[in-house]
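K.L.:
Have a look at the structure that comes next, please.
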């Protein structure tokens, strides 16, 4: 269908058509609409309609993404992916695992279909990962980075809101999400995996049997999904080891040490932000995760803007105190000694 429609509209995708066919599960009418939009777009910038692969690939890919959003936006929250690899301050081992995840998504069509590894797969072609770590350690940001790297949308699904006490409703909810997501191969980010994947106990009643059925159903959908599915948890030990074995990747997001916190602070303020005498070494004494550092930095920027001043240590101190109130934690003297 793709080859026929592209040819009809004098658009050339050459060998890269396999990537589109593998990733986007679009019907004929949608493919026709995509090609019409692509032709209209390139007509504005190119005289020759026999376009090179590199010229047409990005417009087609992005138009396919937009088509896939139409129904998924009603079922899940699309994450605004703005982070890149420079924003991630993680140990090299974890960074390498994230890079491997990107490789698996990018090369899935070649390895499974062109190279024949589909015959060797016992558990489906889905690519799954567990991101484990405290709140604010970079789980969602890493999903954003993968989305930007792969030029894919990221959708957040709160598992605790999908799980239903009524028999069959959880499966229906999950089926709707995966069925629509299959169209565009979006990255699915399932928050609160503990809601379903907690350690199993002995099956004592129908409720336990139903809970196990829900877990099995979700794992089956993840394993058969044509895209990347990420589960997040604040505590890896709360996840049943039997479930972990069925996931392809597990990434542990550690709480940042003082050197990592200093590096996070150094990268936190955009170049356009006016700053004055910020001491990143002293700021790193704040014993908080990267997500909290981001909150503090943004709040400090607003305080400085209101005072018509550059961002200074006094603004960060005020913002940090507000963040600690939210965290319901006391701020120690050692954390802010010598700030102002």
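The values are calculated or read from the model by the stated rules, or taken from the named source; none is laboratory data. Being a predicted model, the structure only gives us computed values, none of them experimental. All Cβ positions, even for glycine, are placed from backbone atoms using ideal geometry, and neighbour counts span all protein chains on display.
K.L.:
Where residues in the range 52-66 are under 16 Å from residue 7 (Cβ atoms) and modelled with pLDDT under 50, which of them is surrounded by the most Cβ atoms within 10 Å (Cβ to Cβ)?
P.N.:
Of everything passing the filter in the range 52-66, 56 is surrounded by the most Cβ atoms within 10 Å (Cβ to Cβ).
K.L.:
Residues that are modelled with pLDDT of 95 or more, in contact with a strand residue (DSSP E or B) (Cβ under 8 Å, 6 or more places away or on another chain) and under 22 Å from residue 327 (Cα atoms): list the helices (runs of 4 or more DSSP H) wholly contained in the range 224-296 that include at least 1 such residues.
P.N.:
On the way: elements: 241-244, 258-266, 280-283.
Result: empty, no element qualifies.
K.L.:
Here's another thing I want to ask about it. Please specify each residue of the range 262-284 satisfying the condition of being surrounded by fewer than 12 Cβ atoms within 10 Å (Cβ to Cβ), more than 24 Å from the chain's Cα centre (by Cα) and farther than 15 Å from residue 340 by Cα.
P.N.:
271, 272, listed by residue number.
K.L.:
Are any residues in the range 295-325 surrounded by fewer than 17 Cβ atoms within 10 Å (Cβ to Cβ) and within 19 Å of residue 138 (Cα to Cα), and if so, which ones?
P.N.:
298
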